[in-house]
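Scroll down for the structure; my scribbles are underneath it.
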Amino acid sequence: VVELRFDYLPAINMDEIKGLVKLLNVPYIITVRRRDQGGLFSGAEQERFELLVNLIKLKPAYLDIEADVDPAVIERLHNASPTTQLIASVHNFKKTPDDLEAVLNNMQHPAISIYKMVTQANNSIDALRMMAWVKRVTKQCHVVGHCMGEAGQITRITGPFVGNYFVYAAMDAQSEV
């Protein structure tokens, strides 16, 4: 699976994007991430939602959206492409919350297929808690749980063994991952 981060583009040309996705012979994830969640999209939310609606019409395998998006927007995206699996994401750049189950419970929506939680590991215990949480909740739903930071690197390595639906990795050495 390849993630296409359209929030990194200075401008969106739908004709060029249509040509790009026709070249892909693997499933792909479309993401247009807000700045407060680690992305580069700086436009208005309504503009981002309209862009997501246009992008989901390309029928990607997955579309990654923030978990706090209005449920009506989630429904609109799901209705625009019922075959696209929606990923609800939460990013916490400061810590790994004490109650990961509560965070997951707040993310619940019937149109969501995969729940992704990425948190900052301030120590190895945070990383262990994330791995234990992933292992526990994969019996209930599809999840991706990773930790950022040096202490969190192990969560990306062990992800497949504890049941992560995906494991994210970078294509170049400059990435923080």
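The values are calculated or read from the model by the stated rules, or taken from the named source; none is laboratory data. None of the values given here were measured: they were computed from a predicted structure. So basically every Cβ, Gly included, is an ideal-geometry build from the backbone, and we count neighbours across all protein chains shown. Ligands, DNA and RNA are excluded from the accessible area calculation, which covers all protein heavy atoms including side chains. Shrake-Rupley method; radii C 1.70, N 1.55, O 1.52, S 1.80 Å.
Things worth noting here:
- The lone exception for N25 - which of (1) under 17 Å from I12 (Cβ atoms); (2) of a type outside the set (D, E, K, R); (3) out of contact with any Asp or Glu (no Cβ under 8 Å at 6 or more places or on another chain) it fails: (1)
- Listed conditions (1) basic (K, R); (2) in a helix (DSSP H, G or I); (3) under 21 Å from Y8 (Cβ atoms) are all met by R76, apart from (3).
- Count of region 45-65 residues, restricted to those that are open to solvent by 60 Å² or more (accessible area, probe 1.4 Å) and farther than 13 Å from H78 by Cα, is 4.
- From the options D7, D68, D36, residue that is among the acidic types (D, E) and either open to solvent by less than 70 Å² (accessible area, probe 1.4 Å) or assigned to a strand (DSSP E or B) (or both): D7
- The set of residues in region 79-104 being under 19 Å from V143 (Cβ atoms) and assigned to a helix (DSSP H, G or I) consists of L100, E101, A102, V103, L104.
- Test set (1) farther than 24 Å from L104 by Cα; (2) open to solvent by 10 Å² or more (accessible area, probe 1.4 Å) - V73 fails condition number: (1)
- Single match in V1, V21 (criterion: more than 18 Å from the chain's Cα centre (by Cα), in contact (Cβ under 8 Å) with a residue 12 or more places away in the chain and surrounded by fewer than 19 Cβ atoms within 10 Å (Cβ to Cβ)): V21
- Cβ pairs under 7 Å, 6+ apart, first in region 91-119 and within 26 Å of E150 (Cβ to Cβ), second of a type in the set (F, W, Y) and part of a helix (DSSP H, G or I): L100/W133
- Qualifying residue in region 92-105 (condition: within 19 Å of V2 (Cβ to Cβ) and surrounded by 15 or more Cβ atoms within 10 Å (Cβ to Cβ)): no
- Taken over region 120-150, the criterion of being open to solvent by less than 10 Å² (accessible area, probe 1.4 Å), under 30 Å from T83 (Cβ atoms) and part of a strand (DSSP E or B) is satisfied by V143, V144, G145, H146.
- Of all residues in region 4-18, those satisfying the criterion of being in contact (Cβ under 8 Å) with a residue 24 or more places away in the chain and not hydrophobic (A, V, I, L, M, F, W, C) are R5, D7, Y8, K18.
- Search result, residues across region 50-65 that are touching a Lys or Arg at 6+ places or on another chain (Cβ under 9 Å) and in a loop (DSSP other than H, G, I, E, B): L58
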